[in-house]
Amino acid sequence: MAHPVRFDDDDALLRRVRELALGFPGAAEKVSHGRPQFFTTKTFAVYGATVKGDHHSTRWSRSLQFLPDPDEHEALLGDSRFFVPAYWGPAGWLALDLTADEPDWDEVRELIDMSYRRTATRRLVAELDARS
């Protein structure tokens, strides 16, 4: 049984996340478990999160899941906009509630960049570095 779609393609926050994520070398998008996921060979960002045990909750539906550097994990959790998402959280992922405040898109890009660098191949990371 397929998962229901858990996002609105007309969502302005999703459009901006999509624009940022797909700007990375080799990045593509797929819908998995009802949510947009951005990946190269591995997922590096997910739009929306789930409350464990309550798949119908929309509490975190407009958030960004990402894989932070381990040394950044605790510092990010000290900010109330960040939380440990269900299912991805035990693997070290965090999420940023994009509705808590007006998103700082430079910060969002940095979070996506951090996650991308942890999941992309060395060749793709070198390609990203060559752009700057």
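Every read-out reported here was derived from the displayed coordinates using simple, explicitly stated rules and does not represent laboratory data. What you see is a predicted model, and the numbers here were worked out from it, not measured in a lab. For neighbour counting, all protein chains shown are included, and Cβ atoms are generated from backbone atoms with ideal geometry for every residue, glycine included.
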Rank by packing, highest mean first: peptides 94-104, 73-83, 122-132, with packing defined as the count of other Cβ atoms within 10 Å averaged across residues.
94-104, 73-83, 122-132
Consider the candidate values (1) 14.9; (2) 18.8; (3) 14.3; state which one is Kirkwood radius over Cα pairs in Å computed from the structure displayed.
(1)
Charge sum, other residues only, whose C-beta stays under 11 Å from Gly92's C-beta, Lys/Arg counted +1 and Asp/Glu -1:
-1
Ranked highest first by average number of other Cβ atoms within 10 Å, how do 5-11, 58-64 line up?
58-64, 5-11
For the ranges 36-45, 106-115, what's the packing order if you count other beta-carbon atoms within 10 Å of each residue, average per peptide, and put the highest first?
36-45, 106-115
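Which length gain, in nm to one decimal place, applies between Ala126 and Glu74 when the Cα-Cα distance is subtracted from 0.36 nm times their residue separation? Don't skip to the end; give the middle numbers.
Working: separation 52, 0.36 × 52 = 18.72 nm, distance 2.77 nm.
Taking Ala126 through Glu74 to full extension adds about 15.9 nm, to one decimal.
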Glu29 to Asp101: FRET efficiency via 1/(1 + (r/R0)^6), r the Cβ-Cβ distance, R0 22 Å, to the nearest 0.05?
0.30
